[in-house]
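See structure below.
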Amino acid sequence: MKIVFMGTPEFAVPILEGLIESYDVVGVVTQPDKKVGRKQELVQPPIKKVALEHGIKVFQPEKIRKDYEDILATNPDIIITCAYGQIIPKVILDYPRLGCINVHGSLLPKLRGGAPIHHAILDGYDKTGITIMYMDVKMDNGDIISTSETKIEDTDNLESLHDRLSIMGKELLLKTLPSIINGTNNRIKQNEDEVTFGYNITREEEHIDFNRTSREVFNHIRGLSPFPSAYAVLDDLEVKIYDSYIGNKKYAATPGEICSIYNDGLGVCTRDGEIVITSIKISGKKRMLVKDYLNGVKKDDLIGKVFK
């Protein structure tokens, strides 16, 4: 059985590696190399590196809706996608005899879109998971084949949940594929009344609003940590904030105001209480623990300053 895999980021790497171990992957489709950093050096997508290491042919169309003939020429029995990054045209979806399936990082129909893992934390979900689904022309709209769920703990951030779901995706796909191949798999329509969305994060969404509750600010920070990271502005400098916890105090102060200094962090006023910030990166400096940052400043001078 011949498989074409479509994916781009690190999240998809364990999934591709699992397929390579068990099946014949005849081609990998990924996004074009991108120029990164001040030197604008070309960087390969993580999925391309894995494919080349295993001698698998790589396709990198700028626009797959116009450039797909070489992909179909591999004559795949099934196409499997995971976080590819482009809309796949109907001509491709209709080609493989076993169809096109997608590994999606949420429990569909919840959190359709390109950033479901971010939004699972940002939006206060208590659980999320992986869905294996058939693809159709609408985004994340196809029939569900199988799911696997995990609880979102307060100790989770984007990184830990991302890594856990990536491994879950590999395991669920390998468990589900035999039923797709022999035609015994489930095919469950999504309930449109339960649809929510997890669209890609905008720059505006990275900014922290301390007028929200402590729980909402806490979720905001960990839902974007470590990348792209939440931020606020202090003394006209952008401060990226990576770690925090919900404090116990309430203040008669402006949301965003620094009201307490702790050994491990800054106590900042929110709408209903306090968030304690413990890990930051100030513009032009390296990421650091707040307890180390406090060693180089006058603590009394921080009280009353406001994150904006």
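State whether one or more residues within region 277-297 are under 21 Å from Asp156 (Cβ atoms), in contact (Cβ under 8 Å) with a residue 60 or more places away in the chain and exposed (fewer than 15 other Cβ atoms within 10 Å of the Cβ).
Filtering region 277-297 for residues under 21 Å from Asp156 (Cβ atoms) gives 277-281, 287, 289-290.
Now narrow it down to the ones that are in contact (Cβ under 8 Å) with a residue 60 or more places away in the chain: none.
No, region 277-297 contains no residue that is under 21 Å from Asp156 (Cβ atoms), in contact (Cβ under 8 Å) with a residue 60 or more places away in the chain and exposed (fewer than 15 other Cβ atoms within 10 Å of the Cβ).
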Query raised in the report: Any idea which residue in region 134-152 is farthest from Leu93 (Cα to Cα), counting only those that are under 18 Å from the mean Cα position of the chain (by Cα) and hydrophobic (A, V, I, L, M, F, W, C)?
Result: Ile152
Query raised in the report: In region 23-52, which residues are exposed (fewer than 12 other Cβ atoms within 10 Å of the Cβ) and either closer than 18 Å to Cys82 by Cβ or small (Gly, Ala, Ser) (or both)?
Result: Gly37
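Taking the criterion of being under 21 Å from Gly142 (Cβ atoms) and among the polar types (S, T, N, Q), would at least one residue in region 71-87 satisfy it?
Step one: filter region 71-87 for residues under 21 Å from Gly142 (Cβ atoms), giving 71-72, 76-87.
Adding the requirement that they be among the polar types (S, T, N, Q) leaves 81, 86.
Yes.
Here is a yes/no grid of residues against (1) out of contact with any Gly (no Cβ under 8 Å at 6 or more places or on another chain); (2) under 30 Å from Leu224 (Cα atoms); (3) modelled with pLDDT of 95 or more:
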site: Val4; (1), (2), (3): no, no, yes
site: Phe11; (1), (2), (3): no, yes, yes
site: Ile15; (1), (2), (3): no, yes, yes
site: Pro32; (1), (2), (3): yes, yes, yes
site: Gln60; (1), (2), (3): yes, yes, yes
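From the list Leu174, Leu165, Leu237, pick out the single residue that is in contact with a Gly (Cβ under 9 Å, 6 or more places away or on another chain), of a type outside the set (Lys, Arg), exposed (fewer than 14 other Cβ atoms within 10 Å of the Cβ) and at pLDDT 95 or above.
Numbers: Leu174 fails: exposed (fewer than 14 other Cβ atoms within 10 Å of the Cβ); Leu165 fails: exposed (fewer than 14 other Cβ atoms within 10 Å of the Cβ).
The match here is Leu237.
Return the residues of region 182-196 that are closer than 13 Å to Leu98 by Cβ and surrounded by 10 or more Cβ atoms within 10 Å (Cβ to Cβ); say none if nothing qualifies.
Taking region 182-196 as the starting set, the residues that turn out to be closer than 13 Å to Leu98 by Cβ are 182-185, 187.
The answer is Asn185, Arg187.
Among Ile88, Ile79, Ile20, which is surrounded by 13 or more Cβ atoms within 10 Å (Cβ to Cβ) and farther than 20 Å from Tyr134 by Cα? Write out each step before concluding.
On the way: Ile88 fails: farther than 20 Å from Tyr134 by Cα; Ile79 fails: farther than 20 Å from Tyr134 by Cα.
Just a single option satisfies the conditions, and that option is Ile20.
Restricting to region 178-213, name every residue that is part of a strand (DSSP E or B) and of a type in the set (Val, Ile, Thr).
Restricting attention to region 178-213, the residues satisfying the condition of being part of a strand (DSSP E or B) are 188, 197, 207.
Correct list: Ile188 only.
Could you check, for region 137-145, whether at least one of its residues is among the charged types (D, E, K, R) and assigned to a strand (DSSP E or B)?
Step one: list which residues in region 137-145 are among the charged types (D, E, K, R), which gives 138, 140, 143.
Keeping just the survivors that are assigned to a strand (DSSP E or B) gives none.
No; the residues of region 137-145 include none that is among the charged types (D, E, K, R) and assigned to a strand (DSSP E or B).
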Query raised in the report: Would you pick out the residues in region 46-98 that are among the aromatic types (Phe, Trp, Tyr) and closer than 24 Å to Pro14 by Cβ?
Result: Phe59, Tyr84
Query raised in the report: Just wondering, is there one or more residues in region 16-27 that are under 21 Å from Asp163 (Cβ atoms), β-branched (Val, Ile, Thr) and touching a strand residue (DSSP E or B) at 6+ places or on another chain (Cβ under 7 Å)?
Result: no
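The values are calculated or read from the model by the stated rules, or taken from the named source; none is laboratory data. A quick note: this is a predicted structure, and the numbers were derived from the prediction, not measured. Here the Cβ is made from the backbone with ideal geometry for all residues, glycine too, and neighbour counts use every protein chain on show.
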